[in-house]
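The values are calculated or read from the model by the stated rules, or taken from the named source; none is laboratory data. All of these numbers come straight from a predicted model, not from anything done at the bench. Because the Cβ atoms are built from the backbone with ideal geometry, glycine has one as well, and the counts that use them run over all protein chains shown.
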Amino acid sequence: MTETVAVVDYGMGNLHSAGKALEKMAADGQRIHITGDPDALRAADRVVFPGVGAIRDCIKVITETGLDRAILDAIDAHKPVLGICVGMQAMMDHSEENDGVDCLGVFAGRVRFFGEQYGETGGRLKVPHMGWNQVRQTVDHPLWDGIDDNSRFYFVHSYCAVEVPEEEMAGRCEYGLPFAAAVAKHNVFAVQFHPEKSADAGLRLLGNFLRWQP
Amino acid sequence: MTLAKRIIPCLDVDAGRVVKGVRFVEIRDAGDPVEVARRYNEAGADEITFLDITASHQDRDTTLETVERMASQVFIPLTVGGGVRTIQDIRNLLNAGADKVSINSAAVKDPDFVREAAQRFGSQCIVVAIDAKKVSGESENNRWEIFTHGGRKPTGIDAIEWAKRMTDYGAGEILLTSMDRDGTKNGFDIALTRGISDAVPVPVIASGGVGNLQHLVDGVIQGGADAVLAASIFHFGEYSIAEAKEYMARAGIEMRL
């Protein structure tokens, strides 16, 4: 098998981590290519859309560079696409971050600030939601293969996706309020947590993505 | 579903070597930070903190190389601190594979640096490290001041006010070290930890003074810390990460086991 896996580089995130984790899990012949070139995304066999930082900047850059169109083209071409963190948020309808940003609309649902949330014991929860939290798998999906339900993954975010229709939910998490930890639709899977930083469970998910034939 | 509290082993690194030494069974060279981090990753550590205590400019390149090697073998979050002074320093570390950078003296020198860093890279990767020392007398109300330059330089700044200000400026996490307790093995300064944790809306990592596993529990339950950082109790094999996690879980703390 000879395949190219494109990791979308829009000049902001720490792509090194995602790239290295994918390289570790890649099969023989799979090449990980970190690129900001829309044509390279169109030529790739699989696309990973990672992200950290602010969503407004992310949407601004991918729109200006034409990467938004290339990501949507990859989705339309039925290639396996994986969104991570801000990459997932950018695929929702809308985010309220920075006074409101229209996103790519691949998934229904909106991105909201955690705000003042309280834990089970009544204490105010810290934001960002930072650390290892459990993910309840709400669908049977090839990307969950070999990963125990309620496994812990590493999260770091202040905004989260809510009001996702049940048929697009793939995993649920809770931090004061329930939110989408993973969404799935046809050839697209997206996660709020960082699989590249989630030890064995995260690496397994990346490996599953690299072998996924939707 | 509850967020787990975190255990963070800390590596002090000088010119690419772990300085205080780490003793793992079956490792010949325990001074290589990449090897040490890899072992902690396997042992179930929740994050790694890499404190660069290198003084010379030349050795900073060694640090970046070390971070890069570490990031290709360690798949848990990595925080790098020590000598972070410019936006370019942050960019270099993030590009090398750090997930978060920790800022200390440079924040005191120019608080707007933290604001700029958080705007540029996002609060999630900006940690402000605070070295605090108690300055109040026996009969007074507790008061702590922050010190910079490895604890040598007093600033006259109140630690709790400073922590609040830094989170207002965009710090996404506070790494709090009690200078009174650091190296004593007498446990965290609980009043300080509680004071800071209650004052800020972001996670707080307690550091300085861990001598046994009950100290970790006290830091979380009494101090309100979201994460606990320790070096020597893990480095010298007194306790394993797994033992620490089991102990904390038995005390009713949510842990990633």
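Would you call A:Asp140 more than 12 Å from chain B (Cβ to nearest Cβ) and modelled with pLDDT under 95?
On the way: more than 12 Å from chain B (Cβ to nearest Cβ): yes; modelled with pLDDT under 95: no.
No, not satisfied.
Could you look through the stretch B:237-257, keep only residues that are assigned to a helix (DSSP H, G or I) and touching a Lys or Arg at 6+ places or on another chain (Cβ under 8 Å), and pick out the one that is nearest to the other protein chains (Cβ to nearest Cβ)? Result: B:Lys245. Kindly indicate whether any position in the stretch A:172-195 is part of a helix (DSSP H, G or I) and under 16 Å from the mean Cα position of the chain (by Cα). Scanning the stretch A:172-195 turns up at least one residue that is part of a helix (DSSP H, G or I) and under 16 Å from the mean Cα position of the chain (by Cα).
For A:Thr138, the requirement of being in contact (Cβ under 8 Å) with a residue 12 or more places away in the chain, more than 21 Å from B:Val127 (Cα to Cα) and among the hydroxyl-bearing types (Ser, Thr, Tyr) is met.
Could you identify the single residue in A:Ala181, A:Ala201, A:Ala170 that is touching a Gly at 6+ places or on another chain (Cβ under 7 Å) and among the small types (Gly, Ala, Ser)?
Details: A:Ala201 fails: touching a Gly at 6+ places or on another chain (Cβ under 7 Å); A:Ala170 fails: touching a Gly at 6+ places or on another chain (Cβ under 7 Å).
Result: A:Ala181 is the single residue among A:Ala181, A:Ala201, A:Ala170 that is touching a Gly at 6+ places or on another chain (Cβ under 7 Å) and among the small types (Gly, Ala, Ser).
Restricting attention to the stretch B:151-181, the residues that are without any contact (Cβ under 8 Å) to a residue 40 or more places away in the chain and assigned to a loop (DSSP other than H, G, I, E, B) add up to 3. Quick one: is A:Ala27 among the hydrophobic types (A, V, I, L, M, F, W, C), part of a loop (DSSP other than H, G, I, E, B) and farther than 23 Å from B:Asn92 by Cβ? In short, yes. Report yes if some residue within the stretch A:128-135 is more than 11 Å from every other protein chain (Cβ to nearest Cβ), assigned to a loop (DSSP other than H, G, I, E, B) and modelled with pLDDT under 95; otherwise report no. No, because not a single residue in the stretch A:128-135 is more than 11 Å from every other protein chain (Cβ to nearest Cβ), assigned to a loop (DSSP other than H, G, I, E, B) and modelled with pLDDT under 95. Restricted to the stretch B:1-19, and to residues that are more than 14 Å from chain A (Cβ to nearest Cβ) and more than 14 Å from B:Ser207 (Cβ to Cβ), which residue is surrounded by the most Cβ atoms within 10 Å (Cβ to Cβ)? Filtering first and then ranking leaves B:Val13. Against the test of being charged (D, E, K, R), over 30 Å from A:Phe155 (Cβ atoms) and more than 13 Å from chain A (Cβ to nearest Cβ), the options B:Asp168, B:Asp158 yield a single qualifying residue, B:Asp158.
Go through the stretch A:37-52 residue by residue and tally those that are surrounded by fewer than 21 Cβ atoms within 10 Å (Cβ to Cβ) and either modelled with pLDDT under 95 or in contact with a His (Cβ under 9 Å, 6 or more places away or on another chain) (or both). Give the steps one after another, and end with the answer.
Residues of the stretch A:37-52 that are surrounded by fewer than 21 Cβ atoms within 10 Å (Cβ to Cβ), as a first pass: A:37-40, A:42-43, A:45.
Those still in the list that are either modelled with pLDDT under 95 or in contact with a His (Cβ under 9 Å, 6 or more places away or on another chain) (or both) too: A:40.
Count: 1.
What residue, among those in the stretch A:80-111 that are part of a helix (DSSP H, G or I) and not small (Gly, Ala, Ser), is modelled with the lowest pLDDT? Steps first, please.
Step one: list which residues in the stretch A:80-111 are part of a helix (DSSP H, G or I), which gives A:86-90, A:97-99.
Narrowing further to those that are not small (Gly, Ala, Ser): A:86, A:88-89, A:97-99.
Values: A:Val86: 93, A:Met88: 96, A:Gln89: 96, A:Glu97: 82, A:Asn98: 75, A:Asp99: 80.
Filtering the stretch A:80-111 for residues that are part of a helix (DSSP H, G or I) and not small (Gly, Ala, Ser), the one modelled with the lowest pLDDT comes out as A:Asn98.
Does A:Asp68 meet the test of being part of a loop (DSSP other than H, G, I, E, B) and either in contact with a Lys or Arg (Cβ under 9 Å, 6 or more places away or on another chain) or away from chain B (no Cβ under 14 Å) (or both)? Taking the combined requirement at face value, the residue does not satisfy it. All of (1) surrounded by fewer than 16 Cβ atoms within 10 Å (Cβ to Cβ); (2) free of Cβ contacts under 8 Å to residues at least 60 places away in the same chain hold for A:Tyr10 with one exception: (1). Screening the stretch B:33-124 for strands (runs of 3 or more DSSP E) wholly inside it with 2 or more residues that are in contact with an Asp or Glu (Cβ under 7 Å, 6 or more places away or on another chain) and more than 10 Å from chain A (Cβ to nearest Cβ) returns the ranges B:78-81.
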